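Any read-out appearing in this document is the output of simple, stated calculations on the displayed coordinates, not a laboratory observation. Computed from a prediction, not measured in an experiment: that's the story for all the values here. Here the Cβ is made from the backbone with ideal geometry for all residues, glycine too, and neighbour counts use every protein chain on show.
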């Protein structure tokens, strides 16, 4: 006789009305993530190119000009200014106008002609570690390459070891290909967690939750009726993000879109449960907002979205296993970039389902003890 | 009817503890069918806790409760099917219209669409909500919100309705209209459990109970409470003293032997005095202090007097028990 889903229809009907009536909120909660996507998709480029460089060419002969051309052609350096003495070279870096200073000594071409070692001074601004790293790599490899060519030019031998690196999946190292699949996880988490937390906290603020408890609505009916509309919204949001990613940012999807859609379900489930958990703690929308923001930071920093998890200190590496976004980023990057299939990703789906169920149970218990019994 | 109908509510020695605190301490009362039961008490005295226990939200720490003949502990779901509840903030969805609010509550109780339509027509007619059906409930005035909330609470034809401070923040006209409606419904056999702070509303109930810090210290009809020996001890009577400068008059009246208790009510003083104290003597004593008394007349105790007396007595018992 007892239907555990009692009241589901009624709550779903009402919640759908809220969403329709408050179309503005819905619109912004869907549009703002897409705007963020545009900003990040167009603005962020992790590849370091065109480092502004100051050059002090004391030599000025053909060999020195050839060296400069090779540096320019690497696409890493852009010669922003030529200076005429050491002091100006240092000054260009200290003032922040240039990141790299290159000094070609007065005897550079003479020494090369006499088969002697010629030194080139490269000053690098270390305040941005990735720029500095890139500058070191490119200058040393150009130096090595230049030396080898000169040594080998006098003999008939070829390179002993010829490394041919080939980048799979994202051959041009395009930043959107790397960032957007991860961003999907962050945006989806934001939207669904915020919307659910708000919808429950609003009922707390109005006192309607208290009223619902005195009706025959069963907890499961109430919960599912409230969650389902936001589940649908979250799913629509995912589809919008994927469409934009594919057709505006031209990120190819190598794997199955259907699999991606299916594997997003446990992740949306986690986000919704997190929203419910927040709403069991928060008594006002402002409080809910703060708590929701608290969940976003770990999702950004410990999920591997920006910083690789493998280089994290041990503690944070273990911590990253408790961040739901970690698993979903693994899923999105896996399917979109590497074309991974179910056999590679089922473990992520299992992990997400476990986290989601755990959160939901904790949230339900908290609700029972702190909200109904209070 | 062939078989005797059970009372609407039977509460026996209800106890609810929150940790070391006993919020409800051995409360017993009985509400008959069709009564308007006024449940009174200061804030934090356990009124809401009792409602939560009777609606099956809070488990009982002790005692027994049956609502509409059903054991609250065994069958809270069926209890909730058959009662209505209106909380003090009316619990409406402000971004839903009047019709949508009613439809939502109708579906919650699983009323079929067809029956829901006839029930809604009935409720709209009874509550006069007709002109506002498509208005958002946030745009209704307090009185109309309250009518809508009551409509939502009685859509499923409950035999018992809990009203938690139904008139807080409502204008006097709307208050009176609500009470007219309650009388009409109670004549049809619906039982009401009403909490309130207004003494004039308490006077309208046919059964009142007063809870004071977890203990029920009064239970009966308003008239029977007025005749309680604690309220009206033998050898005493009540008078109303009308005078200028009531505050000074009160101070002096309290010093006159034979005056047991005196409190200010608006522009007059209500006093409990011994039979052997002549009102004329009291008037003279006040005149000696330059206070002109316009009138001293006998007075029946109000419910407020009743609750004040019972609270004093209860407090002195607690103090005596401590000493």
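Of the two radii for region B:181-323, the radius of gyration is 1.05 times the Kirkwood radius, both from the alpha carbons; that is the Rg over Rh value.
Histogrammed with a bin width of 10 Å, the alpha carbon distances of region A:241-374 distribute as 12, 34, 34, 16, 4, 0 percent, first bin at zero. Viscosity 0.692 mPa s, temperature 37 °C: give me the Stokes-Einstein translational D for region A:51-153 in µm²/s, with Rh taken as the Kirkwood radius over C-alpha pairs. Once the numbers are plugged in, D ends up at 236 µm²/s. Between residue A:34 and residue B:308, the FRET efficiency from the beta-carbon distance, with R0 = 56 Å, is close to 0.30.
Taking Cα pairs under 8 Å and at least six residues apart, what relative contact order does region B:124-176 come out at, in percent?
Values: 20 pairs, mean separation 20.1, N = 53.
Reported relative contact order: 38 percent.
Can you bin region A:7-67 into rounded, prolate or oblate? Criterion: square roots of the alpha carbon gyration tensor eigenvalues sorted a ≥ b ≥ c, rounded for a/c under 1.5, prolate for a/b above b/c, oblate for the rest. Prolate, since a/c reaches 1.5 and a/b exceeds b/c.
How crowded by other chains is B:91-98, given as the mean number of beta carbons from other chains within 10 Å of each beta carbon? Mind dumping the intermediate values first?
Working: counts 9, 4, 10, 4, 6, 4, 2, 0.
Average neighbour count from other chains, rounded to a whole number: 5.
Calculated [222 nm] ellipticity per residue, helices only, for the protein assembly as shown: -16500 deg cm²/dmol; basis is -39500 (n - 2.57) per DSSP H run with n ≥ 4, divided by all residues, nearest 500. First check a/c for region A:297-374, with a ≥ b ≥ c the square roots of the eigenvalues of its C-alpha gyration tensor; if it is under 1.5, answer rounded, and if not, answer prolate when a/b is larger than b/c or oblate otherwise. Oblate. Note the angle between two axes, namely the Cα long axis of helix B:303-322 and the longest principal axis of the Cα atoms of chain B, as a number of degrees from 0 to 90, rounded to the nearest 10. Taking the Cα atoms of chain B, the angle to B:303-322 is about 80 degrees.
Arrange the peptides A:224-231, A:184-191, A:200-207 so that the one whose residues have, on average, the most other Cβ atoms within 10 Å appears first. Spell out each step's value before the answer.
Numbers: A:224-231: 21.4, A:184-191: 24.8, A:200-207: 19.4.
For the peptides A:224-231, A:184-191, A:200-207, the packing ranking is A:184-191, A:224-231, A:200-207.
If one takes the longest principal axis of the Cα atoms in chain B, at what angle in degrees, from 0 to 90 and to the nearest 10, does the Cα axis of helix B:279-288 lie? Taking Cα atoms only, the helix is inclined about 70 degrees.
Could you order the peptides A:124-130, A:239-245, B:47-53, A:153-159 from most to least packed, using the average number of other C-beta atoms within 10 Å per residue?
On the way: A:124-130: 12.7, A:239-245: 17.6, B:47-53: 21.9, A:153-159: 7.7.
Per-residue mean Cβ counts within 10 Å order the peptides as B:47-53, A:239-245, A:124-130, A:153-159.
When the Gaussian network model of chain A links Cα atoms closer than 10 Å, the mean-square fluctuations of A:250, A:119, A:285 top out at A:119.
For region A:77-121, what is the Kirkwood hydrodynamic radius in Å, using each pair of distinct C-alpha atoms?
Details: mean 1/r = 0.0849 Å⁻¹.
That comes to 11.8 Å for region A:77-121.
Put the Cα centre of region B:197-223 next to the Cα centre of region A:66-143 and the gap is 93 Å. Relative to the longest principal axis of the Cα atoms of chain A, the long axis of helix A:219-247 makes an angle of roughly 30 degrees. Packing around the peptides B:232-243, B:10-21, B:159-170, taken as the average count of other Cβ atoms within 10 Å per residue, puts them in this order, highest first: B:159-170, B:232-243, B:10-21.
At a Förster distance of 41 Å, what's the computed FRET efficiency of residue A:107 paired with residue A:42, Cβ-Cβ distance as r, to 0.05?
Given R0 = 41 Å and the Cβ-Cβ separation, E is 0.30.
Projecting the alpha carbon convex hull of region B:56-146 along each direction and taking the average yields 7.2 nm².
Taking every residue in A:198-210 and counting other chain Cβ atoms within 10 Å of its Cβ, the average works out to 3.
For A:351-361, what's the mean count of beta carbons from other chains sitting within 10 Å of each residue's beta carbon? Write out the running numbers ahead of the final one.
Values: counts 0, 0, 0, 0, 0, 0, 0, 0, 0, 0, 0.
That average works out to 0.
Tell me, how many Å apart are the Cα centres for region B:231-280 and for region B:53-104? That distance is 45 Å.
Over all orientations, region B:233-300 has a Cα convex hull whose mean projected area works out to 4.0 square nanometres.
Can you give me the pair-distance distribution of chain A, C-alpha pairs, 20 Å bins, whole percents? In order of increasing distance, the bins hold 23, 40, 24, 11, 2, 0 percent.
Considering only B:280, B:203, B:81, the mean-square fluctuation computed in a Gaussian network model of chain B, springs between alpha carbons under 10 angstrom, is largest for B:280. Rounded if a/c is under 1.5, else prolate if a/b beats b/c, else oblate: with a ≥ b ≥ c from the C-alpha gyration tensor eigenvalues square-rooted, which is region A:170-296? Prolate shape, in that a/c is at least 1.5 and a/b is the bigger ratio.
Once the mean of 1/r is taken over each pair of separate Cα atoms and inverted, region B:9-224 shows a Kirkwood hydrodynamic radius of 17.7 Å.
Considered as an equivalent ellipsoid built on the Cα gyration tensor, the protein assembly as shown has semi-axes of 80, 32, 21 Å, the largest given first.
Comparing mean-square fluctuations of A:324, A:165, A:298 from a GNM of chain A with C-alpha springs under 10 Å, the top value falls on A:165.
What share of Cα pairs, in percent, lie more than 16 angstrom apart in region A:268-342? Please list the in-between numbers first.
On the way: 1584 of 2775 pairs.
Within region A:268-342, distances greater than 16 Å cover 57 percent of Cα pairs.
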